[in-house]
1. Along the charge dipole of the stretch 34-164, which of Leu51, Val104, Ala73 sits closest to the positive end, that is, farthest toward it, with unit charges on the beta carbon of Lys, Arg, Asp and Glu (+1, +1, -1, -1)?
2. Normalised by the number of residues in the chain, what is the relative contact order in percent for Cα pairs under 8 Å and 6+ residues apart?
3. Report the accessible area of Glu144, computed with a 1.4 Å probe over the heavy atoms of all protein chains in place, in Å² rounded to the nearest 10.
4. Once every DSSP H run of n ≥ 4 in the chain is given -39500 (n - 2.57) and the sum is divided by its residues, what mean residue ellipticity at 222 nm do you get, rounded to the nearest 500 deg cm²/dmol?
5. Residue separation times 0.36 nm, minus the C-alpha to C-alpha distance between Thr76 and Thr35: what's the value?
6. On a 0 to 90 degree scale, rounded to 10, what angle separates helix 151-166 from the longest Cα axis of the chain?
7. Relative to the longest principal axis of the C-alpha atoms of the chain, give the angle of the C-alpha long axis of helix 34-62, reported between 0 and 90° and rounded to the nearest 10°.
8. Take the eigenvalues of the Cα gyration tensor for the stretch 121-169, scale each by 5, and report the square roots as semi-axes in whole Å, largest first.
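The values are calculated or read from the model by the stated rules, or taken from the named source; none is laboratory data. Just so it is clear, the structure is predicted and the values come from calculations on it, not from any experiment. Glycine gets a Cβ as well: all are built from the backbone with ideal geometry, and neighbour counts include every protein chain shown. Keep in mind that these areas ignore ligands, DNA and RNA; they rest on the heavy atoms of the full protein, side chains included. Shrake-Rupley method; radii C 1.70, N 1.55, O 1.52, S 1.80 Å.
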Amino acid sequence: MRDAITSLIKNYDVTGRYLDRDAIDNLKSYFQTGTVRVQAAGIINANAAELVKQAGLRLFADLPELIRPGGNAYTTRRYAACLRDMDYYLRYASYALVAGNTDVLDERVLQGLRETYNSLGVPIGPTVVGIQILKELVREKVTEAGIQPGDWVDQPFDHISRELSERDI
Ligand SMILES: CCC1=C(C)/C(=C/C2=NC(=C\c3[nH]c(/C=C4\NC(=O)[C@H](C)[C@H]4CC)c(C)c3CCC(=O)O)/C(CCC(=O)O)=C2C)NC1=O
């Protein structure tokens with residue numbers, strides 16, 4: 001599992017290079033957004049249960065067929081599994097925010113996930129909708145806390161969404 005710094009150093013070490021201008025710019029942006037990324041993780045932690053609940057309500061309001069007979073989140077067991085998955089996405093997104101890197105998502109969340117979803121008939125498109133709703137809710141919370149949300153908030157959620165859906169096409 002790597003963060004922004006270890007992954008950058010690894011890339012330069014592999015080719016025996018000193019840290020050039022690109023590397024320095026990269027590091028600068030990592031440190032410049034450092035405080036807000038940590039604050040965002042704190043906001044997620046303080047509101048996790050509420051965020052997951054609200055995201056679920058919004059998802060099932062937008063796509064009610066998911067919780068009707070024949071839908072993948074139909075029955076209390078599968079409904080709960082769906083919310084639990086959303087909770088995983090939110091928690092790991094908060095780790096990735098602090099790390100400033102999506103490596104933790106590739107390693108702990110995405111590996112084999114698409115195959116598991118496909119074998120259980122968990123629909124990828126609606127899952128991505130749920131992840132995007134989580135992202136919007138986090139942006140709202142961050143804004144409420146007086147922090148200007150930037151790309152850095154979106155990155156982990158968009159990474160999971162992209163990785164899940166791209167390979168499905
Ligand atoms: C930390 C990394 C990690 C992830 C991401 C993870 C996901 C994950 N979700 C699963 C199931 C599931 N996932 C969902 C999710 C959904 N169904 C829908 O219709 C919605 C679109 C969506 C919620 C947004 C459902 C309903 C199941 C249960 C499917 C079944 O057993 O039939 C399963 C199968 C095993 C189980 O039920 O626990 C895994 C492994 N597990 C992990 O350890």
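1. Farthest along the dipole direction, towards plus: Ala73.
2. Details: 152 pairs, mean separation 47.9, N = 169.
Worked out over the chain, it gives 28 percent.
3. Probe radius 1.4 Å; accessible area of Glu144 about 140 Å².
4. Numbers: 7 runs with 121 residues, N = 169.
Roughly -24000 deg cm²/dmol at 222 nm, from the helical runs in the chain.
5. Values: separation 41, 0.36 × 41 = 14.76 nm, distance 3.94 nm.
Full-extension gain reported as 10.8 nm.
6. Here the helix axis deviates by roughly 60 degrees.
7. Long axis of 34-62 versus the principal axis of the chain: about 20 degrees.
8. Working: eigenvalues 121, 25, 4 Å².
In descending order, the three semi-axes are 25, 11, 5 Å.
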